[in-house]
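Novice: If you scroll down you'll find the structure; I have some questions about it.
No lab work stands behind these numbers, since they all come straight from the coordinates. Since this is a predicted model, take the numbers as computed values, not measurements. Glycine also receives a Cβ, built like all others from the backbone with ideal geometry; neighbour counts cover every protein chain displayed.
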Ligand SMILES: Cc1cc2nc3c(=O)[nH]c(=O)nc-3n(C[C@H](O)[C@H](O)[C@H](O)COP(=O)(O)OP(=O)(O)OC[C@H]3O[C@@H](n4cnc5c(N)ncnc54)[C@H](O)[C@@H]3O)c2cc1C
């Protein structure tokens, strides 16, 4: 086979590990990494500590620019892909440029969900996914001000931790009936709630959220039992793959982009990896989205190998990650 042109959409861990793997296997193929973000790939895991001022910006980067230069991985930042054309083997940028490929990896991750709560869409809530989000949060909150965190995932707990370290007055409002029931067991949830309270967090669990209002002076959240006021509202109730830009592509999607065991989509030269991929889990006999850093790197690497000609199959494993938040050991499959 001659020299191939690989295009990777998305410069998160799945995209970076795929590019690395393709280059390790092949000295000559062209690799083009496309990202709609303006910066080098970074650790999203460290963003809460960056917000809290515990980690500086320069510690976030995964690789310096020199790594890409030496590995001959061409990087195009601020480049949003708006459509994929499998038959023409090309992608189109938002500026209308067409870029051809031989093999394509879609590693576009997911976006934070904003739930359909009355008034929420107009409340100017902050979410956390990118460095830009983190910088917007830093610019918004002032020491001593109050934050309401509407949460149902670990990003919400991590944001709460960061806000406590910043000396803010924090209210954690769980969107579900219990604290993170789909992520941690009841005993861990109880311990975590106690530690969060001890750190000064007002915990509101099991009250639901009926309505959000924004006035000039505050954001007001109405639960079944309380009226809560804050200067800022942060939302972290999960994420979902962003698929609308693929609508006319013919690439099969469901909750995520459908992947076979080799992480191919319904087009054999188009692959998917990371938070955007929906895989079939034979043990559970159902399709799943597997979120998390480790999953993204593993899938990225496997997709990169298969784009280079391997026929490796992805096996779902359930080894949980371990993370300490508020001093509590949390074993998790990241959600
Ligand atoms: C605050 C925070 C803390 C986290 N902590 C942990 C943790 O402790 N442990 C853990 O396992 N996981 C954690 N995660 C989750 C983890 O970061 C994600 O699961 C992982 O980044 C997914 O990698 P990915 O490569 O699939 O996608 P992403 O990292 O989401 O990268 C996708 C990239 O593609 C870009 N993109 C999307 N669409 C397009 C397009 N059309 N054109 C061009 N570019 C596009 C996006 O802007 C983004 O840069 C955390 C996430 C956050 C936000």
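Novice: Write down, largest first, the equivalent ellipsoid semi-axes of region 114-237 in whole Å, where each equals the square root of 5 times an eigenvalue of the alpha-carbon gyration tensor.
Specialist: After diagonalising the Cα gyration tensor, the semi-axes are 20, 17, 14 Å.
Novice: Here's something else I'd like to know. Nearest 5 is fine: what % of DSSP beta bridges in region 12-101 come out antiparallel, could you say?
Specialist: The antiparallel proportion sits near 65 percent.
Novice: With r defined as the distance between the Cβ atoms of residue 63 and residue 245 and R0 fixed at 30 Å, what FRET efficiency is calculated, to the nearest 0.05? Could the numbers behind the result be given before it?
Specialist: On the way: r = 27 Å, r/R0 = 0.89.
Step by step, r from the Cβ atoms, then E = 0.65.
Novice: Can you order the peptides 151-159, 139-147 by their average number of other Cβ atoms within 10 Å per residue, highest first?
Specialist: Listed from highest to lowest mean packing, they are 151-159, 139-147.
Novice: Calculate the FRET efficiency for residue 323 and residue 113 from the Cβ-Cβ distance with a Förster distance of 22 Å, rounded to the nearest 0.05.
Specialist: On the way: r = 21 Å, r/R0 = 0.97.
Efficiency, rounded to the nearest 0.05: 0.55.
Novice: Additional query: Given 4 °C and 1.567 mPa s, compute D for the chain with the Stokes-Einstein relation, Rh being the Kirkwood radius over Cα pairs; round to the nearest whole µm²/s.
Specialist: 61 µm²/s
Novice: If I take all pairs of Cα atoms in region 137-210, what percentage of them are more than 15 Å from each other? Walk me through the intermediate numbers first.
Specialist: Numbers: 1370 of 2701 pairs.
So the pairs more than 15 Å apart make up 51 percent of the total in region 137-210.
Novice: Also: Treating the angle as unsigned and between 0 and 90°, give the value, to the nearest 10°, between the Cα long axis of helix 186-198 and the longest Cα principal axis of the chain.
Specialist: 60 degrees
Novice: With just the Cα atoms defining each centre, how far is region 9-54 from region 297-316? Give it in Å.
Specialist: The distance from the Cα centre of region 9-54 to that of region 297-316 comes to 17 Å.
Novice: Where both partners of a DSSP beta bridge lie in region 114-237, what percent of those bridges are antiparallel, to the nearest 5?
Specialist: About 35 percent, rounded to the nearest 5.
Novice: For region 162-309, what number results from the quotient of the Cα radius of gyration and 2.2 N^0.38 Å?
Specialist: 1.39
Novice: Between residue 202 and residue 316, with labels modelled 7 Å along Cα→Cβ, what's the label distance in nm to one decimal, could you check?
Specialist: Between residue 202 and residue 316, the label points sit 4.1 nm apart.
Novice: Roughly how many whole Å is it from the C-alpha centroid of region 191-259 to that of region 95-160?
Specialist: Result: 11 Å between the Cα centres.
Novice: Continuing with this model, one more query. If you take the C-alpha gyration tensor of region 33-97, multiply each eigenvalue by 5 and take the square root, what semi-axes do you get, largest first, in whole Å?
Specialist: After diagonalising the Cα gyration tensor, the semi-axes are 29, 15, 9 Å.
Novice: Further, regarding this structure: For the chain, what does the helix formula give at 222 nm: sum of -39500 (n - 2.57) over DSSP H segments with n ≥ 4, over the residue count, nearest 500 deg cm²/dmol? Please list the in-between numbers first.
Specialist: Numbers: 7 runs with 75 residues, N = 335.
Helix contribution divided over all residues of the chain: -6500 deg cm²/dmol.
Novice: Here is a follow-up. Report the convex hull volume per residue for region 90-129, counting only C-alpha atoms, in Å³.
Specialist: That works out to 120 Å³ per residue.
Novice: Also, I was wondering about something else. Output the 0 to 90 degree angle, nearest 10, between the alpha-carbon long axis of helix 13-25 and the longest principal axis computed from the alpha carbons of the chain.
Specialist: 20 degrees
Novice: Mind checking Rg over Rh on region 181-238, alpha carbons, Kirkwood formula for Rh?
Specialist: That ratio equals 1.01.
Novice: In the Gaussian network model of the chain, springs joining C-alpha atoms below 10 Å, which of 138, 117, 106 carries the largest mean-square fluctuation?
Specialist: Among 138, 117, 106, the largest mean-square fluctuation in the Gaussian network model of the chain belongs to 117.
Novice: Relative to the longest principal Cα axis of the chain, at what angle does helix 154-165 sit, 0 to 90 degrees, rounded to 10?
Specialist: 50 degrees
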